[in-house]
Amino acid sequence: MAQIRPEQRKHDAGLRVLLATASVATLLCVLPLHAQEVGLRGAVSDDINNSLLLNKRRPTAPQTATQEQSPIYQPISPGAVPEPADADATDLFSEPPNAEDATTGTPTSARPPTTARQRAKEAREKLAGTTEVPDARPAAPETDDELTTGTVRQDTVDSETEVESGPEAERQRAIEGRRPLPDQNPFEPTGIRFGTFVLKPSLEQGVTATSNADSSSDGKSAVLSETTLRLNAASDWENHSATIDAYGNYRKSISGQEVKDLSGGIDGRLQLDFADDLRALARLGYNMRPESTSSPVVISGTAERPTLHSLNGSLGVEKDVGKFRFGITGEAVNESYSDAELTDGTTLSQEDRNSTLYSGKVRVGYEVSPALTPFGEIEFGRRVYDLRFDTAGFERSSKRTGARAGVEIDMGEKFGGEVSAGWISEDFDDDRLKTVSAATIAADLKWSPMRGTIVGLTGETFVEGSTTAGDSGSVLYNGRLSVERQIRSNLTAFLAGGVGYRDYASSNNHELRLSAEAGLTWWLNRYAGLTGKLRHETFDSTLPSRDSKTNSVFVGLKIQR
């Protein structure tokens, strides 16, 4: 066994002393932190408290009887264990007894004892720059209600607050802070709600002075009382739509040539929108009016022209497949005439003129752009007269065929409608009657070049029958161009020009009608306005005793709702 030298023993003894000293120092440094952790989570033994008092804190003066004890910390979190009474003395964040306040310069030992929450509040006030000098008197202990921890909930914006009220209270401005926009159409009718429809009725009453009371070749001047009633109804549905337009007009002579006639009509439209771009359209209308003196059928010695009654109805289906547009429509139009009253007091039956036209149309279109859709349409039909033979012994029932091509335009409120041209033919059952065949035109366009201005163009083609022996009938072309301008919000003006051309199929005869009209309406308010119209019309015919010229002036009052 090797012997240990004295120098090695001394070195080992010194090393053991150094290790023991480091262990004790390490234990003394760890114990305060461990005590604080234990103090927050449970009871602390007397040995740990004594070690903390001896090693961490310097001796302080005993608390006098006059000084109040600091309140015991009451935790907010449920289940937390309260600190012991002297836990405040072991707080690591507590200030030394001789430290001076950075704001007041007074020793902190001279201040009354404070709780940890009060010290935290003072620290926040220092950071915000709003620290106040503490009162030298001891602070009153906080109650349980005053002890709060965590974030303090503030009142919401819409919570009940005390608002000043009474005559002296100052009126507050509106939240939006802007004036209401003015009404863009202050004289537009508001309408009357009737169930799911909005009705817009109007009544026009006035006096007409005319140079030709009945627009005939031998007509005389007269002053007429004229009353016109109109009604527009539009549905307020979410998916489908329906409209109704009706009118009635009554004229009676006040002086001059005796005139007394009544006309009117109603037209209803219904559109049903189904899934997969499928639509159903239905239309039903009725119209009645005295037959015009410019009619191709001439009745000699009449005291009063017969009344024409027209009843029409149609039903169609439209389907969109990609950019293709398909449509099929069935239509029926019935025309009937009342008996004509002759100057000798007798009547002349017009039953041989009564007929019904049944037709079917097939349309195919292709959308080249959202605004333009060219289309082609073919038509097949048959006209059936109530009497197989007329008074002259002719069979006037016929077969009808036609085709046309056009374009639909949809540019929103700026420009819209459709225009087309084609060919139509009616072949009679009686071989003695010549087939009526002619070109056709149709148009219904609306253009708004600027706000408050509407330009309209309409055109249509009719095949007219006849009761003259050996006469097949005629083709009538009608066109009208109108401009309506809102000069001011309460002043509206319009101009219109019309043309009509009739071509007789069995002869070289033809007739031309030209008309021009101007009017002005000055609205007194939303419900009443003064209106005036000027009208001129000329009618020229290659047939004898058919030419006429008419000038008229109308002044009246218009009421709307």
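Rundown of residues vs (1) on the phi < 0 side of the Ramachandran plot; (2) not hydrophobic (A, V, I, L, M, F, W, C); (3) not in a strand (DSSP E or B), yes/no style:
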position	(1), (2), (3)
315	yes, no, no
319	yes, yes, no
327	yes, yes, no
336	yes, yes, no
341	yes, yes, no
344	yes, yes, yes
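Residues in region 509-552 that are open to solvent by 70 Å² or more (accessible area, probe 1.4 Å) and among the hydrophobic types (A, V, I, L, M, F, W, C) were compared, and the one that is nearest to residue 481 (Cα to Cα) is 514.
Would you confirm whether or not region 449-458 contains a residue that is farther than 25 Å from residue 414 by Cβ, open to solvent by less than 30 Å² (accessible area, probe 1.4 Å) and in a strand (DSSP E or B)? No; the residues of region 449-458 include none that is farther than 25 Å from residue 414 by Cβ, open to solvent by less than 30 Å² (accessible area, probe 1.4 Å) and in a strand (DSSP E or B).
I'd like the full set of residues that are surrounded by fewer than 16 Cβ atoms within 10 Å (Cβ to Cβ) and part of a strand (DSSP E or B), limited to region 487-502.
In the first step, residues of region 487-502 are kept if they are surrounded by fewer than 16 Cβ atoms within 10 Å (Cβ to Cβ); the result is 487-491, 493, 495, 497, 499, 501.
The answer is 487, 488, 491, 493, 495, 497, 499, 501.
Yes/no per residue for (1) among the hydrophobic types (A, V, I, L, M, F, W, C); (2) farther than 22 Å from residue 403 by Cα:
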{"position": "418", "(1), (2)": "no, no"}
{"position": "442", "(1), (2)": "yes, no"}
{"position": "445", "(1), (2)": "yes, no"}
{"position": "454", "(1), (2)": "yes, yes"}
{"position": "469", "(1), (2)": "yes, yes"}
{"position": "474", "(1), (2)": "no, no"}
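Quick check on residue 462: is it within 26 Å of residue 380 (Cα to Cα), open to solvent by less than 30 Å² (accessible area, probe 1.4 Å) and of a type in the set (Phe, Trp, Tyr)? Before the answer, list the steps.
Working: within 26 Å of residue 380 (Cα to Cα): yes; open to solvent by less than 30 Å² (accessible area, probe 1.4 Å): no; of a type in the set (Phe, Trp, Tyr): yes.
Considered against the rule, which asks whether it is within 26 Å of residue 380 (Cα to Cα), open to solvent by less than 30 Å² (accessible area, probe 1.4 Å) and of a type in the set (Phe, Trp, Tyr), residue 462 comes out as no.
Kindly provide the set of residues from region 347-364 that are open to solvent by 50 Å² or more (accessible area, probe 1.4 Å) and either of a type in the set (Gly, Ala, Ser) or at pLDDT below 95 (or both), ordered by number. Scanning region 347-364 gives 347, 348, 349, 351.
Only one residue in 228, 210, 190 is β-branched (Val, Ile, Thr) and closer than 22 Å to residue 288 by Cα. Which one?
Details: 210 fails: closer than 22 Å to residue 288 by Cα; 190 fails: closer than 22 Å to residue 288 by Cα.
Only one candidate passes the filter, namely 228.
Of all residues in region 228-245, none are over 29 Å from residue 190 (Cα atoms) and open to solvent by less than 80 Å² (accessible area, probe 1.4 Å). Scanning region 385-395 for residues that are assigned to a strand (DSSP E or B) and surrounded by 16 or more Cβ atoms within 10 Å (Cβ to Cβ) yields 385, 395.
From the list 165, 215, which residue is of a type in the set (S, T, N, Q), at positive phi and modelled with pLDDT under 90? Give the steps one after another, and end with the answer.
Values: 165 fails: at positive phi.
Answer to the check: 215.
Condition test on residue 432, is it in contact with a Leu (Cβ under 8 Å, 6 or more places away or on another chain) and of a type in the set (Lys, Arg)?
Numbers: in contact with a Leu (Cβ under 8 Å, 6 or more places away or on another chain): no; of a type in the set (Lys, Arg): yes.
When the stated conditions are applied, residue 432 does not pass them.
Residue count for region 423-439, restricted to those that are open to solvent by less than 20 Å² (accessible area, probe 1.4 Å) and within 24 Å of residue 366 (Cβ to Cβ): 1. Only residues that are β-branched (Val, Ile, Thr), surrounded by fewer than 16 Cβ atoms within 10 Å (Cβ to Cβ) and more than 30 Å from residue 259 (Cβ to Cβ) were counted across region 186-218, and they come to 3.
Evaluation of residue 323 against the conditions (1) over 22 Å from residue 245 (Cα atoms); (2) among the basic types (Lys, Arg); (3) surrounded by 15 or more Cβ atoms within 10 Å (Cβ to Cβ) shows that the sole unmet condition is (3). What about residue 529, is it part of a strand (DSSP E or B) and more than 32 Å from the chain's Cα centre (by Cα)? No: the conditions fail for residue 529.
The values are calculated or read from the model by the stated rules, or taken from the named source; none is laboratory data. Everything numeric in this text was worked out from a predicted model, so none of it was measured. Neighbour counts run over all protein chains shown; Cβ positions are idealised from the backbone, glycine included. These area figures cover heavy atoms from the full protein model, side chains too; ligands, DNA and RNA do not enter into them. Shrake-Rupley method; radii C 1.70, N 1.55, O 1.52, S 1.80 Å.
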